[in-house]
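A.B. asks: After the structure tokens below, expect a handful of questions from me.
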Amino acid sequence: DFGRSSELAFVVEPSDDIAVQEQPLILYCQVEGIQPITITWRKNGVMIVDNENAFMLANGSLYVSRFQRVRGDGSSDEGEYDCMAQNHYGLVVSRKAKIQAATMSDFHIHPQNAVVEEGGVARFQCQIHGLPEPVILWHKNSMPVNTDNERYTLLPKGVLQITGLRAEDSGIFHCVATNIANVKFSREARLTVSGSHSSVYKDPMILVGPENLTLTVHQTAVLECIATGNPRPIVSWSRLDGRPIGVEGIQVLGTGNLMISDLTVQHSGIYVCAANKPGTRVRRTAQGSLVVQAPAEFVQHPQSISRPVGTTAIFTCVAQGEPPPQITWLRNGQILETSDHIKLKNNNSTLSIYGINQADEAIYQCLAENSAGSTQASARLTVLWADGLPSPPQGVRAETVSATTIQVSWEKPLQNTKEIIGYVLHIRKAADPVEMEYQEAVSKSTFQQLVTDLEPSTSYSFYIKAYTSRGASKASEVTVVSTLGEVPAMPSLFIKVINSTTVQATWEPSIKLGQHEGFKLYYRKVHLSQYTGPVLLASNVTAYNITHLDASVVYEVKLLAYNQHGDGNSTVRFVSLRETVERTVLNPPCDCMKDEQNNKTSTTGIIIGIHIGVTCIIFCILFLMFGYRGRLLMCKSVQEQLSTPQIPRSQRSATGLVLNGATRRDRDERDLNGKQLDMNELERLFPASPSQEQQEKGITSAHSPSVPHDETQISTLPLDEFSIIEEQPDPLPKNPNGSSAAAPAPDHGPANEG
């Protein structure tokens, strides 16, 4: 009994039918329920009045004596029929039955003459439209084709296939179409089988592939695929999505046609026919889509319910089908109109009726319909109303207390107040739907309620019900009142120092501040009483730079939000720019010109050191070319002269005679090792007449920039005339800009050049 109201429900509903011209038609309708029950019929939504051509039988069925597709007045018996049943509980409407006239058109495709060589494939086709779908049979030479011959395949859509042709297959073919409306014959076509079977190789080729089909569940689908080639190709089927076709209800007709019986929605998909050359991967393919529709059917029926006055009634109706069905609700046979207290949700699957009253008592129907069919289910709503319930509360008033609070007061009902156990206050934003309503319970001795946590500047509706153990009273009158406006909240203010004269004020996005129109910004020196401002800023602004400030004083910055109700509380911050100024003094900017000169001095010192090392290497190579051991010793002596730091003049007498930076005591120590340098060797090394270049050549050693450097010249003198000559340092040439051409490098200790 799912989907039925026990008070009134259909047992048999009219079904779709195809009527024959000038023949009688009966549409069945059977109802059960509490008598008396009245049954009426409609066609295309218009009430049918009994007449000599169409009238209702005693059992509620509709009888059409002579069905006519087109009558003399231009009307037609074709259309959508439904029956309605009514008793004092309500009214229900049956599903719509589609009635069509049986017809048959002329053939729009006739078979064509064909000449095919022996062993080949012949295909004839004829097509005709009709209701119901005509049955097509084939005749050869005016005799029905022998369907027991496995080489002959008849497909439902009027196709005849003949494979492995032989000479005896030649003849004249035509088709015969039959339905309840008529019988028709196609034109004739001649088949000629020529020659003998050829052994010439032919690539596989698909003559006719599957066509796109749209069918309904439980019907049969035939996907045609006929292929030729030599050798004879192998025909196979697959689904484009890779899913298996399965075996249940699957059959191959002839040499490659696929037939699927008892279709389901899962059979929908794209099917691929492949013709393969035996033993190779040579293949040809063709594809067609199959769409299987399913009429609407209910997964969950609505259930009859009983609810007290003032409560909520909910009906649920869930249907499935392919394509997905559309759901429509009826109330006592009329399309249900939604309102503030009647809502449809979840794609019309859920019907909710809020604050029900006696007028809502009815039979509600759910109609589910798609292109494959329709169905209906009904349920009844019973509104409970007990005698002796209180009358509605009186004198409901609502007064605004603040931006978030309203006080509601009322007076007790006028009748039946002894059994009252409490009151329920129903609260809702005036702009919200009924389902957004919420309630607050109040004791029976209380006649006012403070409603808090409301939104500022918002209208609210209120009504009261009195409750007893047997049910609730009717609702009181509804009162609507608005909360007061509210100034914005305090913004969160942050101050950032940009430089010695500028700070940046930033604050939170305006969405956190409630309803506001903008911001006001003030600032002042703390020792002054007068503010600068206000600076008016839009509600979407979240930062502002304050410039031209005095770095020597502390500033106070104040920010507030405002709206039509006034200014909100302000946020105050203090900021000092003195630290920024002090950091600037302690960290002055770099002197780039001075750093550049220092870099030049360091570079010059490196160049001088490289020159000294290269000079030493050249001397060593010259001495090695002579091959004398003494020359090698002298080279070492020169190296020591270059690497030994010069000592002050006051210390030279104490340490002995210095020759090119080496003391006599050092030479004596080397003499003790058997490496004495004789005079002849010295005379040879230092000729008596040195060249001008040798006299002017000197070795420059690195000194500290604050100490003048010495130049020591090497010359050859007799031993008795040998003496130390101290020369004053030549002044270094100056650059046009006043700096030295080559600044000496700092003296950090002995230099080890070369």
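The values are calculated or read from the model by the stated rules, or taken from the named source; none is laboratory data. For clarity, every value in this text was computed on a predicted model and none was experimentally measured. So basically every Cβ, Gly included, is an ideal-geometry build from the backbone, and we count neighbours across all protein chains shown. Accessible surface areas use protein heavy atoms only, side chains included; no ligands, DNA or RNA. Shrake-Rupley method; radii C 1.70, N 1.55, O 1.52, S 1.80 Å.
A.B. asks: How about region 113-129: which of its residues are of a type in the set (D, E, K, R) and within 19 Å of Leu155 (Cβ to Cβ)?
C.D. replies: Arg123
A.B. asks: Kindly state which strands (runs of 3 or more DSSP E) lie completely within region 215-301 and contain at least 1 residues that are under 30 Å from Phe315 (Cα atoms) and open to solvent by 50 Å² or more (accessible area, probe 1.4 Å).
C.D. replies: Fully inside region 215-301 and qualifying: 283-300.
A.B. asks: Considering only region 408-418, I want to know if a residue exists there that is under 30 Å from Ala489 (Cα atoms) and either at pLDDT below 90 or surrounded by 14 or more Cβ atoms within 10 Å (Cβ to Cβ) (or both).
C.D. replies: Checked region 408-418: at least one residue is under 30 Å from Ala489 (Cα atoms) and either at pLDDT below 90 or surrounded by 14 or more Cβ atoms within 10 Å (Cβ to Cβ) (or both).
A.B. asks: Here is a follow-up. Take Glu508 and tell me if it is of a type outside the set (A, V, I, L, M), outside the structural domain of Gly422 (by the TED database) and either in contact (Cβ under 8 Å) with a residue 60 or more places away in the chain or open to solvent by 50 Å² or more (accessible area, probe 1.4 Å) (or both).
C.D. replies: yes
A.B. asks: Are any residues in region 362-387 more than 38 Å from the chain's Cα centre (by Cα) and surrounded by fewer than 19 Cβ atoms within 10 Å (Cβ to Cβ), and if so, which ones?
C.D. replies: Residues satisfying the conditions are Thr382, Leu384, Trp385, Ala386, Asp387.
A.B. asks: Suppose the filter is more than 58 Å from the chain's Cα centre (by Cα) and at positive phi; does Ser142 pass it?
C.D. replies: yes
A.B. asks: Select from region 464-492 the residues that are small (Gly, Ala, Ser) and part of a loop (DSSP other than H, G, I, E, B) and write down the one among them that is farthest from Leu521 (Cα to Cα).
C.D. replies: By that ranking, first place goes to Ser469.
A.B. asks: Of all residues in region 467-505, which are more than 41 Å from the chain's Cα centre (by Cα) and among the polar types (S, T, N, Q)?
C.D. replies: Selection gives Thr468, Ser469, Ser473, Ser476, Thr479, Asn499, Ser500, Thr501, Thr502.
A.B. asks: Do we find that Phe494 is more than 20 Å from Ala313 (Cα to Cα), of a type in the set (Phe, Trp, Tyr), modelled with pLDDT of 90 or more and open to solvent by 30 Å² or more (accessible area, probe 1.4 Å) in this structure?
C.D. replies: yes
A.B. asks: Consider Val554 against the criteria (1) open to solvent by 50 Å² or more (accessible area, probe 1.4 Å); (2) without any contact (Cβ under 8 Å) to a residue 24 or more places away in the chain; (3) in contact with a Phe, Trp or Tyr (Cβ under 7 Å, 6 or more places away or on another chain); (4) of a type outside the set (D, E, K, R): it satisfies all of them except one. Which criterion is unmet?
C.D. replies: Going through (1) open to solvent by 50 Å² or more (accessible area, probe 1.4 Å); (2) without any contact (Cβ under 8 Å) to a residue 24 or more places away in the chain; (3) in contact with a Phe, Trp or Tyr (Cβ under 7 Å, 6 or more places away or on another chain); (4) of a type outside the set (D, E, K, R) one by one, Val554 breaks only (2).
A.B. asks: Check region 332-348 and report whether any residue there is touching a His at 6+ places or on another chain (Cβ under 7 Å) and surrounded by 16 or more Cβ atoms within 10 Å (Cβ to Cβ).
C.D. replies: no
A.B. asks: Can you tell me how many residues in region 128-171 are surrounded by 14 or more Cβ atoms within 10 Å (Cβ to Cβ) and part of a strand (DSSP E or B)?
C.D. replies: Residues that pass the stated criteria total 16.
A.B. asks: List, please: which pairs have Cβ atoms under 8 Å, are six or more places apart or on different chains, and start with a residue in region 343-362 that is over 16 Å from Ser473 (Cα atoms) and end with one that is of a type in the set (Asp, Glu) and surrounded by 17 or more Cβ atoms within 10 Å (Cβ to Cβ)?
C.D. replies: The qualifying pairs are Ile353/Asp360.
A.B. asks: Quick one: Glu322 ticks every box in (1) surrounded by 18 or more Cβ atoms within 10 Å (Cβ to Cβ); (2) acidic (Asp, Glu); (3) modelled with pLDDT under 90 bar one, so which box is it?
C.D. replies: In the conditions (1) surrounded by 18 or more Cβ atoms within 10 Å (Cβ to Cβ); (2) acidic (Asp, Glu); (3) modelled with pLDDT under 90, Glu322 misses (3) alone.
A.B. asks: Related question: Kindly provide the set of residues from region 186-202 that are surrounded by fewer than 13 Cβ atoms within 10 Å (Cβ to Cβ) and either in a strand (DSSP E or B) or outside the structural domain of Ala122 (by the TED database) (or both), ordered by number.
C.D. replies: Hit for region 186-202 is Ser194, nothing else.
A.B. asks: Then there is this: Restricting attention to strands (runs of 3 or more DSSP E) lying wholly within region 1-68, give those where 2 or more residues are hydroxyl-bearing (Ser, Thr, Tyr) and assigned by the TED database to the domain that holds Gln86.
C.D. replies: 38-43
A.B. asks: I'm told Ala122 meets every condition in (1) surrounded by 16 or more Cβ atoms within 10 Å (Cβ to Cβ); (2) within 18 Å of Lys184 (Cβ to Cβ) except one. Can you identify the failing condition by its number?
C.D. replies: Status for Ala122: all satisfied but (2).
A.B. asks: Name the residue, out of Thr532, Thr479, that is surrounded by 13 or more Cβ atoms within 10 Å (Cβ to Cβ) and either farther than 30 Å from His426 by Cβ or among the small types (Gly, Ala, Ser) (or both).
C.D. replies: Unique residue meeting the criteria: Thr532.
A.B. asks: From the set of residues in region 391-407 that are part of a loop (DSSP other than H, G, I, E, B) and not hydroxyl-bearing (Ser, Thr, Tyr), which is surrounded by the fewest Cβ atoms within 10 Å (Cβ to Cβ)?
C.D. replies: Applying the filter and picking the extreme gives Val401.
A.B. asks: Sort out which residues of region 425-463 are of a type in the set (Phe, Trp, Tyr) and either over 23 Å from Thr312 (Cβ atoms) or part of a loop (DSSP other than H, G, I, E, B) (or both), and write them in order of number.
C.D. replies: Hit for region 425-463 is Phe447, nothing else.
A.B. asks: Identify the residue in region 430-452 that is within 38 Å of the chain's Cα centre (by Cα) and surrounded by 15 or more Cβ atoms within 10 Å (Cβ to Cβ) and, among all such residues, is nearest to Thr400 (Cα to Cα).
C.D. replies: So, considering only residues that are within 38 Å of the chain's Cα centre (by Cα) and surrounded by 15 or more Cβ atoms within 10 Å (Cβ to Cβ), the one nearest to Thr400 (Cα to Cα) is Glu437.
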